[in-house]
Amino acid sequence: MNDSLLWFLPFGLQGLAMGVDEFWFHHRRTLPRGEWMGHALDTSVFLACLACPLLLPPTGPNISLFGVLAVISCLLITKDEFIHQRLCTGGEHWVHAVLFILHPLVLMATALLWISSKATPLAGIPTPPLTAARGMLLFQCFAVSGFLAFQVVYWSTRKQPEGAEPTINNALYDELGERWYTATDDPVALLRSESRLRTSWVLSEIRAHFGDPPQAILDVGCGAGFLANALAEAGHAVTGIDLSRESLAVAHRHDATRSVIYRAMDARVLSLPDGRFDVVCMMDFLEHLVERDAVIREASRVLRPGGFFYFHTFNRTPISWLIAIKGVEWFVRNTPKHMHVYDLFLKPAELRDMCARHHLTIEVVRGVRPRIFTWAFLRLLLTGRVSDQFQFIFTGSQRVGYCGRALKIA
Ligand SMILES: C[S@@+](CC[C@H](N)C(=O)[O-])C[C@H]1O[C@@H](n2cnc3c(N)ncnc32)[C@H](O)[C@@H]1O
């Protein structure tokens, strides 16, 4: 066979295997959202590898960058094996196995073609003419970009199979006990860290709007009382409600003021009088249940006109899926299954509409995200532990998490 054709063989076989996998197997079984988003991520990293030879000269640092991306890409494509174990037929498993072999071969061929484009050809290895190699890589880049566009458009618009989205796991809060306050090897440590940012913001907001007098404040889904206890320490009259009695017991133990009224109650039907509170808070709560409209209606009912509703939740974007769901699952130890469910994340515009239906006007929205490029962040990536130095910060973008304030009108 012609030497040049041999070089292109892995690319052709990979394209064929990917086509069979996507257009036969995936199309027939349909992909859960988490899986297709993961596939789009695989394709993006692969595309970044293919773009290197087209955009960069084959210098030492550039080849090292390619090497790192190629290793990440090879590992990334195997990440769905746990999902495949449950959902795939033998035929699909076989195609995946073929792809796992072809993927590193394609990346190796890409690197060798790139290096051979230097003035000195590879010693003793016949390579295709430069223009053919470049044309081949360019074609590959276009084809993979088209495939990526197809994956995103097709799967984001195709109806999810009934019951494909898992139900949210709220039982995990019953098991935490003192770990609410002490664990560093659990995502609850991220919640503590986020809570530090939100608590000081809510306190400064209340001071700015109402001055020093104590306010009547309801913390809905208060968990172990991170916010409720801090508000009570600042002198406010606080009620905290949650479905988890175990969490409420922890909250009560940590209430230094002994003043917070903790009650087991369902946020969807609050047994509290109309207009009873100056402030209602829902921190990391709205993404934990389906009936958001009902809980916002209840929050508004118990809030007096002129009172404030403070919230924090997650946006429904690919980046929040990557950071708040997958990033936490991959890196933070002991992350339980379905702690967050993508479908329950809320876009700011959806929340705005829900609030407006119940006499709440959103006045302020602020993006929230973890602070990266810090030792604490690096430590988390390397050890799976969230230290007390780990921080969240406010940011202009609301694409990951966001918090805000709404005013109760008449
Ligand atoms: C992520 S935790 C947030 C706790 C707290 N707001 C914080 O920021 O630390 C979510 C809480 O919502 C509670 N929860 C879930 N569904 C609820 C409901 N229908 N009514 C009241 N609480 C609920 C859970 O028990 C859990 O404590």
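The values are calculated or read from the model by the stated rules, or taken from the named source; none is laboratory data. Predicted, not measured: the structure shown is a model, and the values here were computed from it. All Cβ positions, even for glycine, are placed from backbone atoms using ideal geometry, and neighbour counts span all protein chains on display.
Per-structure values
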quantity	calculated
Residue in the range 152-170 that is of a type in the set (Ser, Thr, Tyr), more than 14 Å from the ligand (Cβ to nearest atom) and at pLDDT 95 or above present	no
Residues of the range 302-325 that turn out to be crowded, with 18+ Cβ neighbours inside 10 Å and either under 23 Å from LEU176 (Cβ atoms) or of a type outside the set (Phe, Trp, Tyr) (or both), as a count	12
Residues of the range 199-224 satisfying the condition of being in contact with a Phe, Trp or Tyr (Cβ under 8 Å, 6 or more places away or on another chain) and within 8 Å of the ligand (Cβ to nearest atom)	VAL220, GLY221, CYS222, GLY223, ALA224
Complete set of residues in the range 279-294 that are in a helix (DSSP H, G or I), in contact with a Leu (Cβ under 7 Å, 6 or more places away or on another chain) and aliphatic (A, V, I, L, M)	LEU286
Some residue of the range 224-240 being within 27 Å of VAL332 (Cα to Cα) and in contact with a Gly (Cβ under 6 Å, 6 or more places away or on another chain)	yes
The listed residue being surrounded by 18 or more Cβ atoms within 10 Å (Cβ to Cβ) and touching a strand residue (DSSP E or B) at 6+ places or on another chain (Cβ under 7 Å), out of VAL364, VAL332, VAL368, VAL386	VAL368
Identity of the residue in the range 71-88, of a type outside the set (A, V, I, L, M), over 15 Å from GLU329 (Cα atoms) and not in a helix (DSSP H, G or I), that ends up farthest from the chain's Cα centre (by Cα)	CYS88
Options ARG352, ARG399: the member that is basic (Lys, Arg) and closer than 23 Å to ASP219 by Cβ	ARG352
Hey, TYR173 modelled with pLDDT of 90 or more, touching a strand residue (DSSP E or B) at 6+ places or on another chain (Cβ under 9 Å) and not small (Gly, Ala, Ser) or not	yes
Odd one out for VAL188, checked against (1) without any contact (Cβ under 8 Å) to a residue 24 or more places away in the chain; (2) crowded, with 16+ Cβ neighbours inside 10 Å; (3) away from the ligand (no atom under 11 Å from the Cβ)	(3)
Residues satisfying the stated conditions in the range 1-59, i.e. outside any helix (DSSP H, G or I) and in contact (Cβ under 8 Å) with a residue 60 or more places away in the chain	THR30, LEU31, PRO32, PRO58
Residue satisfying condition, being in contact (Cβ under 8 Å) with a residue 12 or more places away in the chain, away from the ligand (no atom under 11 Å from the Cβ), touching a strand residue (DSSP E or B) at 6+ places or on another chain (Cβ under 8 Å) and not aromatic (Phe, Trp, Tyr), within set ALA232, ALA143, ALA228	ALA232
Given (1) part of a helix (DSSP H, G or I); (2) within 30 Å of ARG301 (Cβ to Cβ), number of the condition ALA406 does not satisfy	(1)
Unique residue being farther than 29 Å from ARG276 by Cβ, assigned to a helix (DSSP H, G or I) and aliphatic (A, V, I, L, M) when the list is ALA132, ALA228, ALA232	ALA132
